[in-house]
4 protein chains.
Amino acid sequence: MNMRKIVADLHAELVRYNLVVWTAGNVSGRIPGEDLFVIKPSGVSYDELTPENMVVCDLDGNLVEGEHAPSSDTAAHAYVYRNMPDVGGVVHTHSTYASAWAALGEPIPCVLTAMADEFGGEIPIGPFALIGDDSIGQGIVETLKGHRSKAVLMQNHGVFSIGKDPKAAVKAAVMCEDVARTVHVARQLGTPLPIAQDDIDRLYDRYQNVYGQRSPR
Amino acid sequence: MNMRKIVADLHAELVRYNLVVWTAGNVSGRIPGEDLFVIKPSGVSYDELTPENMVVCDLDGNLVEGEHAPSSDTAAHAYVYRNMPDVGGVVHTHSTYASAWAALGEPIPCVLTAMADEFGGEIPIGPFALIGDDSIGQGIVETLKGHRSKAVLMQNHGVFSIGKDPKAAVKAAVMCEDVARTVHVARQLGTPLPIAQDDIDRLYDRYQNVYGQRSPR
Amino acid sequence: MNMRKIVADLHAELVRYNLVVWTAGNVSGRIPGEDLFVIKPSGVSYDELTPENMVVCDLDGNLVEGEHAPSSDTAAHAYVYRNMPDVGGVVHTHSTYASAWAALGEPIPCVLTAMADEFGGEIPIGPFALIGDDSIGQGIVETLKGHRSKAVLMQNHGVFSIGKDPKAAVKAAVMCEDVARTVHVARQLGTPLPIAQDDIDRLYDRYQNVYGQRSPR
Amino acid sequence: MNMRKIVADLHAELVRYNLVVWTAGNVSGRIPGEDLFVIKPSGVSYDELTPENMVVCDLDGNLVEGEHAPSSDTAAHAYVYRNMPDVGGVVHTHSTYASAWAALGEPIPCVLTAMADEFGGEIPIGPFALIGDDSIGQGIVETLKGHRSKAVLMQNHGVFSIGKDPKAAVKAAVMCEDVARTVHVARQLGTPLPIAQDDIDRLYDRYQNVYGQRSPR
């Protein structure tokens, strides 16, 4: 199954960009045309992930295929797939700089053109939510539905990002940490200059539309 | 002997997660059913560690087997094994962010759900203690006995972490540095939001019990 | 064509020194004796760059050779080549620390002898400029023409660096991030000591002339 | 010649611990029994260093053997070997955190037991000195002669470290950056707790003498 390989392989990007330690982050991908998604098995280290040990769940988060338990964050992924039909990939990390903003409960302000391009403005904060029911999933969907940003900083927790496919969601997670780090450093140095809303809009529009018709930068 | 291989291999995780420079950190593991533990030899670089050059000590820290002197931190490991019978693994590092909190003498406050999961609250500070007798071991045991946290920040020194086996102790050392870094960054940005004690308790309970019955996240 | 290989290979230095994430930075090199330059294709990951998939553009930024679209930053590179005939290489990154200074709109002050050697003083700020026309290229050229520095921090954006060839431009990008990080850390600790203008001049002169006649340090 | 291989290989440790970018740091080693030392060639990248392309200089810094020019820092190394007969190895880097303290002109205070062990107290600041004559060498020797610390932070410049052999000097450079980083982070968090002079003395004495008779930690 191709989506198993895509999801298994994309975890290497989380490792490459230092978004995860131990087994703390996960990628999932919707299986096109079916009410199913592939997700990381729980407690398996990134070195050992293969297409074969990925697990398949239905949109209620029930295990459909696989020998391991699904990631403990499966319910949140499932909620997103159930409620955002255009989403084809979901990523969760506790990446350092983004999680620091999350611990503060502050959105990352849009002071970099790369943020305007990719997120269309600030990266928003989602609610504090406990694991165990649909709270996390609801918080993600409420924050991201209709929002330009493809990433949300869940308060005191970490990042969830979404995309049309798992690769796009991983890209959003990578870019989120990158701008979280740069804006943090800028804030240590002083007060970053704002970008006018008008300019943010122009950058976002161009990046999503002009470049969207060709290949992404 | 299997525990020699387990302990030798786990040092690679200290290197992978940048918890150590030169030869400054060490892992040990209790040999099940015997009053012995395996520990890193002194002054051997991480690249050269093999099951064969690991050393075996008794619970007073005396060398029982091995051609190298045991780690200079052996007395502290031995004290922990003598006084905490459930501990099967001990790790010591000077990892950057955790050691910075240790230099301050301040516990790391629990402002991340991952801390609540893993440490059940703040990561505590142990006393300032000199090497050369049982002071360090005593400080570790006094701080961690009955404490939820599996890691202690020894004042002006570094981290000791414990676990049911060496892998669990390494995981605690890795997670300790990860949250030490994230909370540091959050503190630079402003004042991290606290998590209610009630929520910390719920997260800790769930992570230790519900997930404990399956595989860890 | 040799310049294709040079440009393809130099992208590995951007990765090695953590100047880029995903596909966000690019290197170009002027083809000696022709009004053409080689540049990174758009949206191709650094792992997949080869001499063959590099693209060739004329000095107006039009694609002359290649199966991929050129980098979305091609217009800025082209403007520099058109207006600075001595420039043989251009690099663009969003490297973290340099981009943080750019978000502030503050030049990096010259408080390190390595900066005096390499940049001859502070690293300047260029204007805020939107992608889509020649604004970015104009900002680069206006800032760097006649300036000792081979790197400019484009406000709220990132770094452009230039050199007599692509390798020199990559070196400037690497050194720019290195000093941006060191001076950031120094500023967190307190107030870095200035270097007297006279000493800056002597260091710059020696590095460019005395060592320039042999091989660079 | 064995010292060529030792010196060539040790540069990999500078790379491994991120103490250098491009070609900016260097290691040298005195050839036992001769008034000569081996040093990095100028402008050769770390990937290309071999025992064969190392260069040999006399104690006035004149090239004796080798096809490349010696490192541009050779005069400083030579001055140290001429004036400190017990020194068998010298290392120079612009490592980030140590250079930040150097830009401030502030010694790194001894707030970590690892600093007491290795440096016996604070890491001192040397004078601002220009390249081109013996100023840098004099500054190193004046600062380190009779000092416990094997590393000096040359103001606005970077680190020079010394040792009985090149490996010991590299270890001092690695540990210097490690504690420079940890103490920086501690200072960002608040005011690190001092260690009593008495305890520093005991730690230093034990590390140099008790462990010195066996193998280093």
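Just a few scattered comments:
- For the range D:57-77, heavy-atom accessible area (probe 1.4 Å) falls by no less than 20 Å² from the chain alone to the full protein assembly at D:ALA69, D:SER72.
- Computed from label points 7 Å out along Cα-Cβ, the spacing between B:ASP133 and C:LYS164 is 6.7 nm.
- Inter-copy label distances at C:ASP58 (7 Å, Cα→Cβ; nm, one decimal): 6.2, 6.2, 8.7
- Using equal-weight Cα scatterers in the Debye expression, the normalised intensity of the range D:109-217 in log10 at q = 0.11, 0.16, 0.20 Å⁻¹ is -0.36, -0.76, -1.10.
- Nearest chain C C-beta to the C/B rotation axis, reported as residue and distance in angstrom, is C:GLN188, 4.
- Residue with peak Gaussian network fluctuation, chain A [Cα springs, cutoff 10 Å], from A:GLY88, A:GLY66, A:GLY132: A:GLY132
- Debye log10 I(q)/I(0) for the range A:3-210, one point scatterer per Cα, at q = 0.12, 0.16 Å⁻¹: -0.57, -0.99
- Restricting the range A:39-104 to GluC sites (Glu not before Pro) in coil, as DSSP defines it, with at most 12 other Cβ within 10 Å: A:GLU52, A:GLU67
- For B:GLY43, the distances from its label point to the matching points in the remaining copies are 4.2, 4.2, 5.9 nm, ordered from shortest, with each point set 7 Å beyond Cα toward Cβ.
- Computed over protein heavy atoms with a 1.4 Å probe, the accessible surface of the range C:27-173 works out to 32 Å² per residue.
- Remark: mean inter-chain Cβ contacts per residue of D:189-196 equal 6, using a 10 Å Cβ-Cβ cutoff to other protein chain atoms.
- Carbon plus sulfur fraction of accessible area for chain A, probe 1.4 Å, in percent: 47
- Shielding by other protein chains, C:112-125, mean Cβ within 10 Å: 3
- Cα shape, the protein assembly as shown, gyration tensor, a/c 1.5 rule: oblate
- Label point 7 Å beyond Cα along the C-beta direction, distances from D:MET84 to other copies (nm, shortest first): 4.1, 4.1, 5.8
- Take the accessible area of A alone and of B alone, subtract that of the pair with a 1.4 Å probe, and the total buried over both chains is about 2900 Å².
- Residue-count net charge about A:VAL56 - beta-carbon cut-off 15 Å; Lys, Arg +1, Asp, Glu -1: -3
- Less than 5 angstrom separates the built amide H of D:GLY126 from those of D:LEU153, D:MET154, D:GLN155, all sequence-distant by 5 or more or on a different chain.
The values are calculated or read from the model by the stated rules, or taken from the named source; none is laboratory data. Keep in mind that this is a model prediction, so the values were computed, not measured. We place every Cβ from the backbone using ideal geometry, glycine too, and count neighbours over all the protein chains shown. Heavy atoms of the whole protein, side chains included, go into the accessibility calculation; ligands, DNA and RNA do not. Shrake-Rupley method; radii C 1.70, N 1.55, O 1.52, S 1.80 Å.
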